[in-house]
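Just below is one structure, and these are the notes that go with it.
The values are calculated or read from the model by the stated rules, or taken from the named source; none is laboratory data. Predicted model, so just to flag it, every value in this text is computed and none were measured. Counting neighbours? That spans all protein chains shown, and the Cβs are built from the backbone with ideal geometry, glycine included.
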Amino acid sequence: MLPDTTGALAATVFISTEMSSTTKTKAEAKKNEGNEFFKKGKFAEAIEKYSDAITLDPTNHVYYSNRSAAFLGQLHYQDAADDGEKCVTLNPQFVKGYHRYALGLKGIKQYAKALEVLKAGQKVDFDNKDLNRLINEIEPLLAKVEHARRSGLNPSEQLKEQGNDLFKAASFEKAIEVYGEAINACEKDNSPVAISCYNNRAACHQQLSNFSAVIRDCSHVLEYDPENQKALLRRGLAYEGLERYRLALQDIRAVLALNPSIDSTCRTSSTAAFQG
């Protein structure tokens with residue numbers, strides 16, 4: 001006579017279910033911790049917590065969506081696009097995932113692919129304002145790129161020069177807008193023109209005491225050019241403006257290590273550090 005294993009099997013199922021429930025609870029706790037960091041603009045810490053949540057429960061589309069948003073906050077567009085894609089693969093009905101996927105693609109200049117993603121999102125929610133707004137932003141960018149390719153013009157260089165003229169005229173808000181257009185017109189986000197525009201836009205933000213924006217733009221420059229003295233200096237001053245003195249000191253020390261002869265006037269003048 002075979003032994004009765006029904007009770008043992010039921011116990012195994014119960015333990016497995018209980019462990020699964022516990023794991024999901026832990027994952028939710030990590031997500032919530034990530035949300036708190038995200039609200040404070042601490043994107044690196046948020047990404048770490050969302051990654052912990054994904055490790056615990058890789059089937060939850062929300063975790064990928066949230067991490068995508070944090071990557072966008074760091075201007076890590078490829079990572080944002082990858083997480084957005086994973087999100088909508090797990091849950092094709094989650095509209096916010098399409099939006100973040102497309103924002104990542106926009107950041108890496110894949111405008112045609114971004115429009116495809118947004119139109120796929122419209123099949124879920126045609127009247128979604130975020131999707132429609134982003135479509136309206138990306139369509140003219142794609143048109144500019146295609147026009148430039150056909151005509152042989154370099155609109156990014158022309159826009160950068162316009163931004164420089166506006167900066168010199170102290171029209172900082174308008175210059176910020178034009179530098180953004182120049183960046184969007186670049187083929188690559190790390191091209192020399194794009195890097196110059198990020199640096200110059202940071203100078204505009206510095207003039208307006210928008211220190212968080214200074215840090216975002218300078219961090220993008222330093223991701224591709226870690227020894228860019230102007231970006232290090234400008235970011236260090238922005239950290240100081242936000243009273244984040246430890247980070248400010250790190251950047252200023254990095255500048256001095258690269259250029260010990262840098263003078264005090266350059267340290268306090270955003271125009272002296274202008275990229276050109």
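Where in region 84-184 are there helices (runs of 4 or more DSSP H), lying fully within it, with 2 or more residues that are within 30 Å of Asn60 (Cα to Cα) and in the same structural domain as Val62 (by TED's automatic domain parsing)?
Qualifying helices (runs of 4 or more DSSP H): 95-107, 111-124, 129-151.
Between Lys49, Lys109, Lys113, Lys119, which is closer than 29 Å to Ala194 by Cα and crowded, with 19+ Cβ neighbours inside 10 Å?
Residue meeting the stated conditions: Lys109.
Among the candidates Ala102, Ala69, Ala53, Ala81, which residue alone is over 24 Å from Val124 (Cα atoms) and among the aliphatic types (A, V, I, L, M)?
Working: Ala102 fails: over 24 Å from Val124 (Cα atoms); Ala69 fails: over 24 Å from Val124 (Cα atoms); Ala81 fails: over 24 Å from Val124 (Cα atoms).
When all the criteria are applied, what remains is Ala53.
Take Gly34 and tell me if it is in a helix (DSSP H, G or I) and at pLDDT 95 or above.
yes
Going by the structure shown, is Gly84 surrounded by 22 or more Cβ atoms within 10 Å (Cβ to Cβ) and over 21 Å from Tyr224 (Cβ atoms)?
yes
Kindly indicate which of Asn35, Asn60 is crowded, with 18+ Cβ neighbours inside 10 Å and in the same structural domain as Pro92 (by TED's automatic domain parsing).
Values: Asn35 fails: crowded, with 18+ Cβ neighbours inside 10 Å.
Just one listed residue meets the conditions, Asn60.
State the number of residues belonging to region 160-176 that are modelled with pLDDT under 95 and within 18 Å of the chain's Cα centre (by Cα).
0
Please determine, by comparing only the residues of region 65-118 that are of a type in the set (Ser, Thr, Tyr) and within 23 Å of Lys39 (Cα to Cα), which one is nearest to the chain's Cα centre (by Cα).
Our first condition is that a residue be of a type in the set (Ser, Thr, Tyr); within region 65-118, this holds for 65, 68, 77, 89, 98, 101, 111.
After this cut, where a residue has to be within 23 Å of Lys39 (Cα to Cα) as well, the list is 65, 68, 77, 98, 101.
Working: Ser65: 13, Ser68: 8, Tyr77: 5, Tyr98: 16, Tyr101: 12 Å.
Taking the candidates together, the pick is Tyr77.
Kindly indicate the residue of region 180-209 that is among the aliphatic types (A, V, I, L, M) and surrounded by fewer than 23 Cβ atoms within 10 Å (Cβ to Cβ) and also farthest from Gln162 (Cα to Cα) among those meeting that condition.
Among them, the one singled out is Leu208.
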